[in-house]
1. In Å², and per residue, what accessible area does the chain have when probed at 1.4 Å with the other protein chains present?
2. Over the stretch 193-315, what is the mean sequence separation of C-alpha contacts under 8 Å (at least six apart), divided by residue count, expressed as relative contact order in percent?
3. Place the peptides 42-49, 109-116, 127-134 in order of packing, highest mean first, counting for every residue the other Cβ atoms within 10 Å and averaging per peptide.
4. If each residue of separation counts as 0.36 nm, what is the full-extension length gain between Ala77 and Ala131 once their alpha-carbon separation is subtracted?
5. Over all directions, what mean area does the Cα convex hull of the stretch 22-156 project, stated in square nanometres?
6. If you take the Cα Rg of the stretch 105-156 and divide it by 2.2 N^0.38 Å, with N the number of residues, what do you get?
7. Return the label of the correct value of volume of the Cα convex hull per residue in Å³, as calculated from the structure shown, out of [x] 144; [y] 170; [z] 121.
8. What translational diffusion coefficient, to the nearest whole µm²/s, does the stretch 241-315 have by Stokes-Einstein, given a Kirkwood radius computed over alpha-carbon pairs, a temperature of 10 °C and 1.306 mPa s viscosity?
Amino acid sequence: MRQQTVKAGYVRPVQRSAAAGYAMVAVAATLFAVNGSVAKVIEHTGFGAQRLTEVRSTGAFAGLGLIVLATRRHALAITRRQLVLVAALGIGGLAIVQWSYFYAIHRLPIGEALLIQFVAPLIVALWARFAFHEPVRRRLWVALVLSLSGLVLIVELWRGKVDGLGIASAGIACLSFSFYLLLAERGTRGRDPISLLAWAFLFAALFWAVLEPWWSFPGHVFGGSTSLLGHLSSFHTPLWLLVAWMIVLGSIVPFALVVAALPRIGATRTAIVAMLEPVVAILVAWAWLGESLDGVQLGGAALTLAGIALAQTAR
């Protein structure tokens, strides 16, 4: 094993790598959080969750594919085993998590949808315990109780106003996000993050192209503009600019940062740092779209986040 000398002002390579990983996920979470409000504005123009996912996946594949062609053509080579992995990552992870999240925020406030989705870190911890048989502390079960209690408060089950489809789609987003984190971590063991994502987004784009053929796409909509809604309703912007934001700063950059962070800090720590996303998303949706959570729901959000955080310390 390579020796590492500790000197004044010297930072171990492993520590530097971990610090970079945490920073990558924090930036990605912030970009994803802003993208939730961007996507909600785009959906207001008539885009369905399927079309929105199709545009995002295809645009992300095009951008990442160009990067691979320009900087690492050797990464175009892929084995049959890797092909199966990226197909599963692209369809079961990227394609489904994007669609289910977009559909969830169409029916639910952004913060509520994200808090349900971000039970995923708890699922990752449970998977580590029961699938990989890793030792997990008893506090994991306390975390489970906290998270589920928080979710009951967030959706206010006792009021009988539960949006079943919205909560179900957020639940699907939770499961597919867990799948994405676990499989992406495995994928980075054999491929660099950019080529891994490019291949995965190719399969996500193909998946939606089959379900929503491109020849039926209403291309004329990109020529219009739209109100930014909420507190920014008096401002209008071209729709193509919002879509470009969603593809570049809402997809290519944050997904690349998350996948690049996985080999540095692992799926579990990546998931806990990614919890920054629902916190920032709630603030952005409040400041931009005028969305809000009442006191009971804010208490539920705090319980859910505390449970997720506690679950990660149980590893």
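1. 47
2. Relative contact order here is 24 percent.
3. On the way: 42-49: 16.5, 109-116: 27.0, 127-134: 12.4.
Ranking, from highest mean packing down: 109-116, 42-49, 127-134.
4. Taking Ala77 through Ala131 to full extension adds about 16.3 nm, to one decimal.
5. Convex hull of Cα atoms, orientation-averaged projection: 11.1 nm².
6. Against the empirical 2.2 N^0.38 Å value, I get 1.32 for the stretch 105-156.
7. Matching the structure shown: [y].
8. Numbers: Rh = 14.4 Å.
The diffusion coefficient I find is 111 µm²/s.
The values are calculated or read from the model by the stated rules, or taken from the named source; none is laboratory data. Note that the coordinates shown come from a computational prediction; the quantities given were computed from them, not determined experimentally. For neighbour counting, all protein chains shown are included, and Cβ atoms are generated from backbone atoms with ideal geometry for every residue, glycine included. Remember, those area values only see protein heavy atoms, side chains included, never the ligands or the DNA or RNA. Shrake-Rupley method; radii C 1.70, N 1.55, O 1.52, S 1.80 Å.
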